[in-house]
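Okay, so here's the structure we're looking at.
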(Lines give C-alpha, C1' and ligand atoms only; values in the text may rest on other atoms or scores of the structure.)
Protein backbone atom coordinates (compact mmCIF):
# COMPACT_ATOMS: atom_id res chain seq x y z
CA UNK A 1 0.00 0.00 0.00
CA UNK A 2 1.55 3.29 -1.17
CA UNK A 3 0.07 6.43 0.40
CA UNK A 4 0.13 9.90 -1.11
CA UNK A 5 -1.18 13.37 -0.34
CA UNK A 6 -4.52 14.42 -1.85
CA UNK A 7 -6.17 17.78 -1.24
CA UNK A 8 -9.54 16.02 -1.55
CA UNK A 9 -9.05 13.65 1.38
CA UNK A 10 -10.13 15.90 4.26
CA UNK A 11 -13.20 17.42 2.50
CA UNK A 12 -14.40 13.90 1.71
CA UNK A 13 -13.67 12.75 5.26
CA UNK A 14 -15.71 15.71 6.58
CA UNK A 15 -18.57 14.79 4.26
CA UNK A 16 -18.50 11.17 5.41
CA UNK A 17 -18.44 12.21 9.06
CA UNK A 18 -21.45 14.49 8.60
CA UNK A 19 -23.55 11.82 6.88
CA UNK A 20 -22.44 9.28 9.50
CA UNK A 21 -23.73 11.52 12.30
CA UNK A 22 -27.05 11.88 10.49
CA UNK A 23 -27.25 8.08 10.16
CA UNK A 24 -26.69 7.75 13.92
CA UNK A 25 -29.41 10.33 14.71
CA UNK A 26 -31.85 8.49 12.43
CA UNK A 27 -31.27 5.03 13.87
CA UNK A 28 -32.10 6.33 17.37
CA UNK A 29 -35.64 7.15 16.23
CA UNK A 30 -36.64 3.59 15.28
CA UNK A 31 -40.33 4.16 16.01
CA UNK A 32 -40.50 6.27 12.85
CA UNK A 33 -41.08 4.08 9.75
CA UNK A 34 -38.62 6.18 7.72
CA UNK A 35 -35.79 5.97 10.28
CA UNK A 36 -34.35 2.57 9.35
CA UNK A 37 -34.20 2.99 5.54
CA UNK A 38 -32.90 6.55 5.98
CA UNK A 39 -30.17 5.32 8.35
CA UNK A 40 -29.21 2.68 5.75
CA UNK A 41 -29.12 5.42 3.09
CA UNK A 42 -26.87 7.67 5.14
CA UNK A 43 -24.70 4.69 6.12
CA UNK A 44 -24.25 3.76 2.45
CA UNK A 45 -23.37 7.37 1.60
CA UNK A 46 -20.82 7.40 4.44
CA UNK A 47 -19.22 4.17 3.15
CA UNK A 48 -19.11 5.52 -0.42
CA UNK A 49 -17.53 8.83 0.63
CA UNK A 50 -15.03 7.40 3.11
CA UNK A 51 -13.87 4.59 0.81
CA UNK A 52 -13.40 7.07 -2.04
CA UNK A 53 -11.41 9.39 0.26
CA UNK A 54 -9.00 6.56 1.13
CA UNK A 55 -8.86 5.51 -2.54
CA UNK A 56 -7.59 9.00 -3.47
CA UNK A 57 -4.62 8.83 -1.04
CA UNK A 58 -3.44 5.43 -2.31
CA UNK A 59 -1.03 5.43 -5.27
CA UNK A 60 -0.87 1.68 -6.04
CA UNK A 61 -3.48 -0.06 -8.18
CA UNK A 62 -4.07 -3.06 -5.90
CA UNK A 63 -5.10 -0.91 -2.93
CA UNK A 64 -7.21 1.31 -5.21
CA UNK A 65 -9.10 -1.73 -6.53
CA UNK A 66 -9.73 -2.98 -2.98
CA UNK A 67 -11.28 0.30 -1.86
CA UNK A 68 -13.20 0.52 -5.15
CA UNK A 69 -14.80 -2.84 -4.32
CA UNK A 70 -15.65 -1.54 -0.83
CA UNK A 71 -16.94 1.76 -2.22
CA UNK A 72 -19.30 -0.02 -4.59
CA UNK A 73 -21.21 -1.62 -1.70
CA UNK A 74 -22.25 1.91 -0.75
CA UNK A 75 -22.77 3.10 -4.34
CA UNK A 76 -25.27 0.38 -5.30
CA UNK A 77 -27.11 0.59 -1.96
CA UNK A 78 -27.83 4.35 -2.17
CA UNK A 79 -30.54 4.28 -4.94
CA UNK A 80 -32.36 1.31 -3.39
CA UNK A 81 -32.28 2.83 0.12
CA UNK A 82 -33.46 6.17 -1.27
CA UNK A 83 -36.47 4.50 -2.93
CA UNK A 84 -37.34 2.78 0.37
CA UNK A 85 -37.12 6.14 2.19
CA UNK A 86 -39.51 7.74 -0.29
CA UNK A 87 -41.95 4.81 -0.13
CA UNK A 88 -42.15 5.10 3.67
CA UNK A 89 -42.29 8.89 3.66
CA UNK A 90 -45.14 9.03 1.14
CA UNK A 91 -47.31 6.58 3.07
CA UNK A 92 -46.50 3.37 1.18
CA UNK A 93 -44.62 1.29 3.80
CA UNK A 94 -46.62 -1.80 2.78
CA UNK A 95 -44.34 -2.10 -0.25
CA UNK A 96 -41.20 -2.17 1.91
CA UNK A 97 -41.14 -5.93 2.50
CA UNK A 98 -38.25 -8.36 2.74
CA UNK A 99 -39.29 -9.86 -0.58
CA UNK A 100 -39.39 -6.53 -2.41
CA UNK A 101 -36.11 -5.34 -0.88
CA UNK A 102 -34.52 -8.63 -1.93
CA UNK A 103 -35.74 -8.18 -5.52
CA UNK A 104 -34.47 -4.60 -5.63
CA UNK A 105 -31.04 -5.72 -4.41
CA UNK A 106 -30.53 -8.42 -7.07
CA UNK A 107 -28.96 -6.02 -9.61
CA UNK A 108 -26.80 -4.26 -6.97
CA UNK A 109 -25.50 -7.63 -5.73
CA UNK A 110 -24.59 -8.67 -9.27
CA UNK A 111 -22.84 -5.32 -9.83
CA UNK A 112 -20.72 -5.71 -6.66
CA UNK A 113 -19.73 -9.20 -7.85
CA UNK A 114 -18.86 -7.91 -11.35
CA UNK A 115 -16.71 -5.11 -9.92
CA UNK A 116 -14.84 -7.52 -7.65
CA UNK A 117 -14.15 -9.93 -10.54
CA UNK A 118 -13.50 -7.27 -13.19
CA UNK A 119 -9.77 -8.15 -13.55
CA UNK A 120 -10.96 -11.52 -14.91
CA UNK A 121 -13.37 -10.28 -17.59
CA UNK A 122 -12.96 -6.48 -17.98
CA UNK A 123 -16.66 -6.11 -18.80
CA UNK A 124 -17.33 -3.52 -16.13
CA UNK A 125 -14.10 -1.51 -16.56
CA UNK A 126 -12.49 -2.15 -19.92
CA UNK A 127 -9.27 -0.29 -19.05
CA UNK A 128 -7.62 1.21 -15.93
CA UNK A 129 -4.72 3.60 -16.32
CA UNK A 130 -2.98 6.19 -14.12
CA UNK A 131 -3.46 9.94 -14.40
CA UNK A 132 -2.46 12.93 -12.33
CA UNK A 133 -4.66 15.46 -10.50
CA UNK A 134 -3.39 18.15 -8.10
CA UNK A 135 0.04 16.51 -7.94
CA UNK A 136 -1.24 13.05 -6.94
CA UNK A 137 -1.82 9.82 -8.85
CA UNK A 138 -5.45 9.24 -9.87
CA UNK A 139 -6.38 5.92 -11.42
CA UNK A 140 -8.81 6.49 -14.30
CA UNK A 141 -11.42 3.80 -15.06
CA UNK A 142 -12.65 3.37 -18.65
CA UNK A 143 -16.28 2.23 -18.44
CA UNK A 144 -17.27 -1.06 -19.98
CA UNK A 145 -20.70 -2.21 -21.26
CA UNK A 146 -21.94 -3.60 -17.90
CA UNK A 147 -21.17 -0.29 -16.19
CA UNK A 148 -23.94 1.45 -18.12
CA UNK A 149 -26.50 -1.21 -17.14
CA UNK A 150 -25.88 -0.32 -13.49
CA UNK A 151 -26.12 3.39 -14.29
CA UNK A 152 -29.47 2.86 -16.03
CA UNK A 153 -30.87 0.82 -13.13
CA UNK A 154 -29.80 3.41 -10.55
CA UNK A 155 -31.27 6.30 -12.51
CA UNK A 156 -34.58 4.47 -12.94
CA UNK A 157 -34.86 4.05 -9.16
CA UNK A 158 -34.01 7.73 -8.58
CA UNK A 159 -36.55 8.93 -11.17
CA UNK A 160 -39.30 6.75 -9.65
CA UNK A 161 -38.46 8.19 -6.24
CA UNK A 162 -38.69 11.77 -7.48
CA UNK A 163 -42.06 11.04 -9.14
CA UNK A 164 -43.42 9.63 -5.86
CA UNK A 165 -42.22 12.72 -3.98
CA UNK A 166 -43.74 15.06 -6.55
CA UNK A 167 -47.09 13.25 -6.26
CA UNK A 168 -47.24 14.23 -2.58
CA UNK A 169 -46.20 17.86 -3.13
CA UNK A 170 -49.46 19.08 -4.65
CA UNK A 171 -52.08 19.72 -1.99
CA UNK A 172 -49.73 19.00 0.92
CA UNK A 173 -49.66 21.42 3.92
CA UNK A 174 -46.87 24.00 3.93
CA UNK A 175 -44.70 22.15 6.47
CA UNK A 176 -44.73 18.98 4.35
CA UNK A 177 -44.05 20.92 1.17
CA UNK A 178 -40.88 22.27 2.75
CA UNK A 179 -39.87 18.75 3.78
CA UNK A 180 -40.50 17.38 0.29
CA UNK A 181 -38.56 20.28 -1.23
CA UNK A 182 -35.59 19.58 1.07
CA UNK A 183 -35.62 15.89 0.14
CA UNK A 184 -35.88 16.74 -3.55
CA UNK A 185 -32.88 19.11 -3.39
CA UNK A 186 -30.92 16.58 -1.34
CA UNK A 187 -31.20 14.00 -4.13
CA UNK A 188 -31.01 16.29 -7.16
CA UNK A 189 -27.66 17.86 -6.14
CA UNK A 190 -25.65 14.58 -6.16
CA UNK A 191 -27.56 13.31 -9.21
CA UNK A 192 -26.49 16.40 -11.18
CA UNK A 193 -22.88 15.97 -10.02
CA UNK A 194 -22.98 12.30 -11.01
CA UNK A 195 -24.42 13.20 -14.40
CA UNK A 196 -21.56 15.66 -15.01
CA UNK A 197 -19.03 13.00 -13.91
CA UNK A 198 -20.43 10.52 -16.44
CA UNK A 199 -20.70 13.05 -19.28
CA UNK A 200 -18.03 14.39 -21.66
CA UNK A 201 -18.15 17.79 -19.89
CA UNK A 202 -16.53 16.40 -16.72
CA UNK A 203 -14.14 19.24 -15.65
CA UNK A 204 -11.72 16.80 -13.98
CA UNK A 205 -11.73 13.53 -15.96
CA UNK A 206 -11.54 10.51 -13.69
CA UNK A 207 -12.47 12.39 -10.50
CA UNK A 208 -15.93 11.43 -9.25
CA UNK A 209 -17.63 14.64 -8.19
CA UNK A 210 -20.62 12.88 -6.57
CA UNK A 211 -19.09 12.22 -3.10
CA UNK A 212 -18.06 15.88 -2.82
CA UNK A 213 -21.71 16.96 -2.97
CA UNK A 214 -22.58 14.86 0.07
CA UNK A 215 -21.30 17.64 2.32
CA UNK A 216 -23.99 19.93 0.90
CA UNK A 217 -26.50 17.09 1.16
CA UNK A 218 -25.60 16.61 4.83
CA UNK A 219 -26.08 20.32 5.56
CA UNK A 220 -29.42 20.37 3.72
CA UNK A 221 -30.67 17.33 5.63
CA UNK A 222 -29.42 18.76 8.93
CA UNK A 223 -31.49 21.89 8.26
CA UNK A 224 -34.47 19.67 7.46
CA UNK A 225 -34.05 17.63 10.64
CA UNK A 226 -33.63 20.50 13.07
CA UNK A 227 -35.55 23.32 11.36
CA UNK A 228 -38.47 21.54 9.68
CA UNK A 229 -38.61 18.35 11.83
CA UNK A 230 -37.87 16.13 8.86
CA UNK A 231 -39.16 12.57 9.47
CA UNK A 232 -40.52 13.51 12.91
CA UNK A 233 -43.88 14.21 11.28
CA UNK A 234 -44.85 12.36 8.12
CA UNK A 235 -47.52 13.34 5.57
CA UNK A 236 -50.28 10.77 5.89
CA UNK A 237 -51.27 9.32 2.53
CA UNK A 238 -54.32 11.12 1.13
CA UNK A 239 -56.14 7.91 0.11
CA UNK A 240 -55.87 6.54 3.64
CA UNK A 241 -57.30 9.71 5.20
CA UNK A 242 -59.98 10.01 2.51
CA UNK A 243 -61.13 6.41 3.04
CA UNK A 244 -61.05 6.60 6.84
CA UNK A 245 -63.35 9.65 7.20
CA UNK A 246 -66.74 8.56 8.56
CA UNK A 247 -68.56 11.48 6.90
CA UNK A 248 -69.53 11.07 3.27
CA UNK A 249 -67.16 13.08 1.04
CA UNK A 250 -67.97 13.79 -2.62
CA UNK A 251 -65.82 15.82 -5.02
CA UNK A 252 -67.63 17.09 -8.12
CA UNK A 253 -66.46 19.18 -11.08
CA UNK A 254 -68.04 22.43 -12.20
CA UNK A 255 -70.56 20.41 -14.26
CA UNK A 256 -71.57 18.51 -11.10
CA UNK A 257 -70.08 15.22 -12.25
CA UNK A 258 -68.54 13.08 -9.52
CA UNK A 259 -64.73 13.11 -9.61
CA UNK A 260 -64.17 11.16 -6.41
CA UNK A 261 -66.03 9.92 -3.33
CA UNK A 262 -65.04 8.00 -0.22
CA UNK A 263 -66.47 4.63 0.94
CA UNK A 264 -68.80 6.38 3.41
CA UNK A 265 -70.43 8.35 0.56
CA UNK A 266 -70.70 5.16 -1.52
CA UNK A 267 -72.58 3.52 1.37
CA UNK A 268 -74.91 6.52 1.76
CA UNK A 269 -75.74 6.42 -1.96
CA UNK A 270 -76.87 2.76 -1.76
CA UNK A 271 -76.15 2.48 -5.48
CA UNK A 272 -73.97 -0.44 -6.57
CA UNK A 273 -71.27 0.00 -9.18
CA UNK A 274 -68.99 2.84 -10.22
CA UNK A 275 -70.30 6.34 -9.43
CA UNK A 276 -67.33 8.39 -10.67
CA UNK A 277 -68.28 10.29 -13.82
CA UNK A 278 -72.00 10.32 -13.06
CA UNK A 279 -73.98 13.51 -12.47
CA UNK A 280 -74.20 13.90 -8.70
CA UNK A 281 -78.02 14.05 -8.68
CA UNK A 282 -78.22 10.53 -10.10
CA UNK A 283 -77.02 8.66 -6.98
CA UNK A 284 -77.81 11.62 -4.68
CA UNK A 285 -81.10 13.20 -5.89
CA UNK A 286 -81.44 14.99 -2.54
CA UNK A 287 -78.47 17.20 -3.51
CA UNK A 288 -80.47 18.70 -6.39
CA UNK A 289 -81.11 21.76 -4.17
CA UNK A 290 -77.45 22.70 -4.60
CA UNK A 291 -77.38 21.91 -8.32
CA UNK A 292 -80.55 23.95 -8.92
CA UNK A 293 -78.82 26.93 -7.31
CA UNK A 294 -75.72 26.51 -9.51
CA UNK A 295 -73.78 24.82 -6.74
CA UNK A 296 -72.88 26.71 -3.62
CA UNK A 297 -71.57 30.19 -3.04
CA UNK A 298 -68.40 29.87 -0.94
CA UNK A 299 -70.03 27.53 1.62
CA UNK A 300 -73.63 26.40 2.03
CA UNK A 301 -75.44 24.16 4.53
CA UNK A 302 -78.62 22.16 4.08
CA UNK A 303 -80.28 19.29 5.94
CA UNK A 304 -81.56 16.46 3.76
CA UNK A 305 -83.32 13.12 4.34
CA UNK A 306 -82.11 10.01 2.48
CA UNK A 307 -84.29 6.89 2.72
CA UNK A 308 -82.57 3.54 3.08
CA UNK A 309 -83.72 -0.07 3.18
CA UNK A 310 -85.21 0.07 6.67
CA UNK A 311 -85.68 3.76 7.55
CA UNK A 312 -84.64 7.29 6.66
CA UNK A 313 -81.43 9.00 7.71
CA UNK A 314 -80.89 12.72 8.27
CA UNK A 315 -77.73 14.36 6.94
CA UNK A 316 -76.24 17.80 7.41
CA UNK A 317 -74.73 18.65 4.02
CA UNK A 318 -71.91 21.17 3.66
CA UNK A 319 -71.16 22.32 0.12
CA UNK A 320 -67.94 24.22 -0.53
CA UNK A 321 -66.56 25.72 -3.70
CA UNK A 322 -63.22 24.45 -4.94
CA UNK A 323 -60.96 27.02 -6.55
CA UNK A 324 -57.23 27.43 -7.15
CA UNK A 325 -55.43 30.63 -6.12
CA UNK A 326 -58.37 32.97 -6.50
CA UNK A 327 -59.39 31.67 -9.93
CA UNK A 328 -62.96 30.86 -10.91
CA UNK A 329 -64.51 27.79 -9.23
CA UNK A 330 -63.27 24.43 -10.51
CA UNK A 331 -65.78 22.25 -8.70
CA UNK A 332 -67.57 21.53 -5.43
CA UNK A 333 -66.88 19.54 -2.29
CA UNK A 334 -69.87 17.93 -0.55
CA UNK A 335 -69.61 16.68 3.05
CA UNK A 336 -72.52 14.58 4.35
CA UNK A 337 -72.65 14.15 8.15
CA UNK A 338 -75.19 11.75 9.65
CA UNK A 339 -77.29 13.63 12.23
CA UNK A 340 -80.10 11.08 12.55
CA UNK A 341 -79.46 10.40 16.24
CA UNK A 342 -79.42 14.13 16.94
CA UNK A 343 -82.74 14.59 15.14
CA UNK A 344 -84.30 11.71 17.05
CA UNK A 345 -83.05 13.16 20.34
CA UNK A 346 -84.36 16.63 19.52
CA UNK A 347 -87.77 15.23 18.51
CA UNK A 348 -87.92 13.21 21.72
CA UNK A 349 -86.99 16.23 23.82
CA UNK A 350 -89.60 18.38 22.10
CA UNK A 351 -92.24 15.71 22.71
CA UNK A 352 -91.23 15.44 26.37
CA UNK A 353 -91.40 19.21 26.76
CA UNK A 354 -94.94 19.30 25.39
CA UNK A 355 -96.02 16.51 27.72
CA UNK A 356 -94.41 18.15 30.71
CA UNK A 357 -96.37 21.32 30.06
CA UNK A 358 -99.57 19.28 29.84
CA UNK A 359 -98.65 17.38 33.01
CA UNK A 360 -98.05 20.62 34.89
CA UNK A 361 -101.52 21.90 34.02
CA UNK A 362 -103.32 18.62 34.80
CA UNK A 363 -101.39 17.97 38.02
CA UNK A 364 -102.00 21.48 39.33
CA UNK A 365 -105.74 21.05 38.72
CA UNK A 366 -105.82 17.61 40.39
CA UNK A 367 -103.91 18.77 43.44
CA UNK A 368 -106.15 21.80 43.87
CA UNK A 369 -109.19 19.51 43.84
CA UNK A 370 -107.59 17.15 46.39
CA UNK A 371 -106.51 20.02 48.65
CA UNK A 372 -110.04 21.43 48.49
CA UNK A 373 -111.42 18.03 49.56
CA UNK A 374 -108.80 17.85 52.32
CA UNK A 375 -109.84 21.26 53.69
CA UNK A 376 -113.52 20.18 53.63
CA UNK A 377 -112.75 17.08 55.70
CA UNK A 378 -110.69 19.13 58.15
CA UNK A 379 -113.66 21.51 58.63
CA UNK A 380 -115.94 18.51 59.15
CA UNK A 381 -113.56 17.10 61.76
CA UNK A 382 -113.61 20.38 63.64
CA UNK A 383 -117.41 20.50 63.61
CA UNK A 384 -118.15 16.97 64.79
CA UNK A 385 -117.90 15.48 68.30
CA UNK A 386 -118.70 11.89 67.29
CA UNK A 387 -115.47 9.83 67.62
CA UNK A 388 -116.64 7.30 65.00
CA UNK A 389 -117.43 9.99 62.44
CA UNK A 390 -114.18 11.79 63.22
CA UNK A 391 -112.20 8.54 62.65
CA UNK A 392 -113.98 8.06 59.32
CA UNK A 393 -113.05 11.62 58.24
CA UNK A 394 -109.44 11.11 59.40
CA UNK A 395 -109.20 7.99 57.23
CA UNK A 396 -110.36 10.08 54.26
CA UNK A 397 -107.75 12.73 55.12
CA UNK A 398 -105.05 10.02 55.23
CA UNK A 399 -106.20 8.67 51.85
CA UNK A 400 -106.13 12.13 50.24
CA UNK A 401 -102.69 12.81 51.73
CA UNK A 402 -101.41 9.48 50.35
CA UNK A 403 -102.79 10.31 46.91
CA UNK A 404 -101.07 13.72 46.97
CA UNK A 405 -97.80 12.07 48.06
CA UNK A 406 -98.03 9.50 45.24
CA UNK A 407 -98.80 12.22 42.71
CA UNK A 408 -95.78 14.23 43.87
CA UNK A 409 -93.62 11.12 43.51
CA UNK A 410 -95.05 10.57 40.04
CA UNK A 411 -94.33 14.13 38.93
CA UNK A 412 -90.75 13.72 40.15
CA UNK A 413 -90.27 10.71 37.86
CA UNK A 414 -92.22 12.31 35.04
CA UNK A 415 -90.19 15.50 35.05
CA UNK A 416 -87.01 13.44 34.64
CA UNK A 417 -88.39 12.19 31.34
CA UNK A 418 -86.78 14.14 28.53
CA UNK A 419 -84.29 15.92 30.78
CA UNK A 420 -81.52 13.65 29.50
CA UNK A 421 -81.21 12.99 25.79
CA UNK A 422 -82.40 9.59 24.56
CA UNK A 423 -79.56 7.15 23.98
CA UNK A 424 -78.90 3.63 22.73
CA UNK A 425 -79.46 1.25 25.64
CA UNK A 426 -78.76 -2.45 25.91
CA UNK A 427 -82.07 -4.17 26.61
CA UNK A 428 -80.55 -7.13 28.48
CA UNK A 429 -78.65 -4.75 30.77
CA UNK A 430 -81.85 -2.79 31.50
CA UNK A 431 -83.73 -6.00 32.38
CA UNK A 432 -80.88 -7.10 34.67
CA UNK A 433 -80.89 -3.70 36.38
CA UNK A 434 -84.68 -3.77 36.86
CA UNK A 435 -84.57 -7.29 38.36
CA UNK A 436 -82.12 -6.08 41.01
CA UNK A 437 -84.50 -3.29 42.06
CA UNK A 438 -87.71 -5.32 42.47
CA UNK A 439 -88.51 -7.78 45.30
CA UNK A 440 -89.31 -10.81 43.14
CA UNK A 441 -89.30 -13.44 45.87
CA UNK A 442 -89.38 -16.84 44.16
CA UNK A 443 -90.56 -15.47 40.83
CA UNK A 444 -88.21 -16.40 37.97
CA UNK A 445 -87.38 -13.78 35.29
CA UNK A 446 -85.88 -14.88 31.94
CA UNK A 447 -84.96 -13.03 28.74
CA UNK A 448 -83.55 -13.84 25.31
CA UNK A 449 -82.93 -10.38 23.89
CA UNK A 450 -79.13 -10.40 24.01
CA UNK A 451 -77.49 -8.05 21.53
CA UNK A 452 -80.57 -5.79 21.27
CA UNK A 453 -80.34 -2.04 21.80
CA UNK A 454 -83.20 0.48 21.91
CA UNK A 455 -82.99 4.22 21.26
CA UNK A 456 -85.03 5.34 24.26
CA UNK A 457 -85.28 7.70 27.19
CA UNK A 458 -82.79 6.91 29.99
CA UNK A 459 -85.89 6.06 32.12
CA UNK A 460 -86.38 2.87 30.06
CA UNK A 461 -85.33 0.79 33.05
CA UNK A 462 -88.28 2.32 35.02
CA UNK A 463 -90.65 0.91 32.40
CA UNK A 464 -89.27 -2.58 32.99
CA UNK A 465 -89.39 -2.07 36.77
CA UNK A 466 -93.05 -1.06 36.49
CA UNK A 467 -93.89 -4.15 34.39
CA UNK A 468 -92.21 -6.42 36.95
CA UNK A 469 -93.91 -4.67 39.91
CA UNK A 470 -97.32 -4.98 38.23
CA UNK A 471 -96.72 -8.68 37.67
CA UNK A 472 -95.73 -9.19 41.32
CA UNK A 473 -98.60 -7.03 42.65
CA UNK A 474 -101.44 -8.31 40.44
CA UNK A 475 -100.28 -11.72 39.18
CA UNK A 476 -101.82 -13.61 42.05
CA UNK A 477 -100.63 -16.71 43.88
CA UNK A 478 -100.14 -18.73 40.69
CA UNK A 479 -97.47 -16.32 39.36
CA UNK A 480 -94.10 -18.08 39.09
CA UNK A 481 -92.42 -16.71 35.96
CA UNK A 482 -91.96 -13.48 33.93
CA UNK A 483 -90.39 -13.84 30.49
CA UNK A 484 -88.97 -11.18 28.15
CA UNK A 485 -88.51 -12.10 24.48
CA UNK A 486 -87.88 -10.30 21.18
CA UNK A 487 -89.04 -10.91 17.64
CA UNK A 488 -89.04 -9.14 14.30
CA UNK A 489 -92.37 -8.10 12.86
CA UNK A 490 -91.86 -6.56 9.43
CA UNK A 491 -89.45 -3.65 9.82
CA UNK A 492 -90.27 -3.35 13.54
CA UNK A 493 -89.03 -5.09 16.65
CA UNK A 494 -91.48 -6.40 19.25
CA UNK A 495 -90.36 -6.86 22.85
CA UNK A 496 -92.72 -9.13 24.79
CA UNK A 497 -93.11 -9.20 28.58
CA UNK A 498 -95.42 -12.05 29.62
CA UNK A 499 -96.18 -13.83 32.89
CA UNK A 500 -98.16 -16.88 34.04
CA UNK A 501 -100.34 -15.01 36.54
CA UNK A 502 -104.08 -14.29 36.54
CA UNK A 503 -103.90 -11.81 33.65
CA UNK A 504 -105.93 -8.66 32.99
CA UNK A 505 -109.66 -8.62 32.40
CA UNK A 506 -111.13 -7.44 29.07
CA UNK A 507 -113.00 -4.58 30.78
CA UNK A 508 -109.71 -3.09 32.02
CA UNK A 509 -107.64 -3.39 28.84
CA UNK A 510 -108.99 -0.24 27.21
CA UNK A 511 -108.15 1.97 30.21
CA UNK A 512 -104.94 0.27 31.24
CA UNK A 513 -102.61 3.14 30.22
CA UNK A 514 -104.96 5.97 31.18
CA UNK A 515 -103.75 8.35 33.84
CA UNK A 516 -105.22 7.50 37.24
CA UNK A 517 -106.52 4.04 36.29
CA UNK A 518 -105.43 1.14 38.50
CA UNK A 519 -105.64 -0.38 41.93
CA UNK A 520 -102.51 1.32 43.26
CA UNK A 521 -101.53 4.85 42.14
CA UNK A 522 -102.91 4.54 38.64
CA UNK A 523 -99.81 6.27 37.35
CA UNK A 524 -97.23 3.53 36.69
CA UNK A 525 -98.43 2.24 33.30
CA UNK A 526 -99.35 5.76 32.21
CA UNK A 527 -95.78 6.86 32.94
CA UNK A 528 -94.39 3.80 31.13
CA UNK A 529 -96.49 4.65 28.08
CA UNK A 530 -95.24 8.24 28.09
CA UNK A 531 -91.56 7.28 28.52
CA UNK A 532 -91.75 4.92 25.54
CA UNK A 533 -93.81 7.27 23.35
CA UNK A 534 -91.12 9.96 23.70
CA UNK A 535 -88.91 8.05 21.21
CA UNK A 536 -91.66 6.53 19.09
CA UNK A 537 -92.06 3.25 20.99
CA UNK A 538 -95.55 1.86 21.59
CA UNK A 539 -96.82 -0.42 24.39
CA UNK A 540 -100.01 -2.46 24.52
CA UNK A 541 -101.43 -5.40 26.50
CA UNK A 542 -102.87 -8.35 24.59
CA UNK A 543 -102.81 -11.23 27.09
CA UNK A 544 -105.67 -13.67 27.57
CA UNK A 545 -107.57 -13.16 30.87
CA UNK A 546 -106.84 -16.00 33.24
CA UNK A 547 -103.68 -17.03 31.32
CA UNK A 548 -101.34 -14.25 32.39
CA UNK A 549 -100.58 -10.67 31.36
CA UNK A 550 -98.75 -10.03 28.08
CA UNK A 551 -97.30 -6.60 27.28
CA UNK A 552 -95.81 -5.88 23.85
CA UNK A 553 -93.47 -2.95 23.18
CA UNK A 554 -93.13 -2.16 19.47
CA UNK A 555 -89.95 -0.39 18.31
CA UNK A 556 -90.20 0.99 14.77
CA UNK A 557 -87.36 0.79 12.29
CA UNK A 558 -84.50 3.09 13.23
CA UNK A 559 -85.18 2.95 16.97
CA UNK A 560 -83.52 -0.44 17.52
CA UNK A 561 -80.40 -2.22 16.44
CA UNK A 562 -79.31 -5.82 16.84
CA UNK A 563 -75.69 -6.90 17.19
CA UNK A 564 -76.45 -10.60 17.64
CA UNK A 565 -78.81 -13.14 16.10
CA UNK A 566 -80.06 -14.89 19.22
CA UNK A 567 -83.74 -14.19 18.54
CA UNK A 568 -83.91 -14.02 14.74
CA UNK A 569 -86.72 -16.35 13.86
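A few comments on the model shown:
- The listed residue being modelled with pLDDT under 90, buried (at least 22 other Cβ atoms within 10 Å of the Cβ) and not in a loop (DSSP other than H, G, I, E, B), out of 463, 482: 463
- The condition of being farther than 15 Å from residue 472 by Cα, in a helix (DSSP H, G or I) and at pLDDT below 90 holds for only one of 527, 512, that being 527.
- Unmet criterion (only one of (1) on the phi < 0 side of the Ramachandran plot; (2) more than 44 Å from the chain's Cα centre (by Cα); (3) modelled with pLDDT under 85) for residue 417: (2)
- Residue in the range 395-411 that is closer than 30 Å to residue 345 by Cα, at pLDDT 70 or above and buried (at least 16 other Cβ atoms within 10 Å of the Cβ) present: no
- Residue 281 meets each of the listed conditions (1) closer than 25 Å to residue 167 by Cβ; (2) at pLDDT 80 or above; (3) in a loop (DSSP other than H, G, I, E, B) apart from (1).
- Among the residues of the range 426-449, those identified as over 13 Å from residue 467 (Cα atoms), at pLDDT 90 or above and outside any loop (DSSP other than H, G, I, E, B) are 426, 427, 428, 429, 432, 444, 446, 447.
- From the options 65, 70, 14, residue that is over 27 Å from residue 111 (Cα atoms), in contact (Cβ under 8 Å) with a residue 12 or more places away in the chain and assigned to a helix (DSSP H, G or I): 14
- Residue 83 being touching a helix residue (DSSP H, G or I) at 6+ places or on another chain (Cβ under 7 Å), closer than 28 Å to residue 207 by Cβ and surrounded by fewer than 20 Cβ atoms within 10 Å (Cβ to Cβ): no
- Residue match in the range 119-135 (condition: in a helix (DSSP H, G or I), assigned by TED's automatic domain parsing to the domain that holds residue 162 and buried (at least 22 other Cβ atoms within 10 Å of the Cβ)): no
The values are calculated or read from the model by the stated rules, or taken from the named source; none is laboratory data. Just so it is clear, the model here is predicted, and its values are computed rather than measured. Counting neighbours? That spans all protein chains shown, and the Cβs are built from the backbone with ideal geometry, glycine included.
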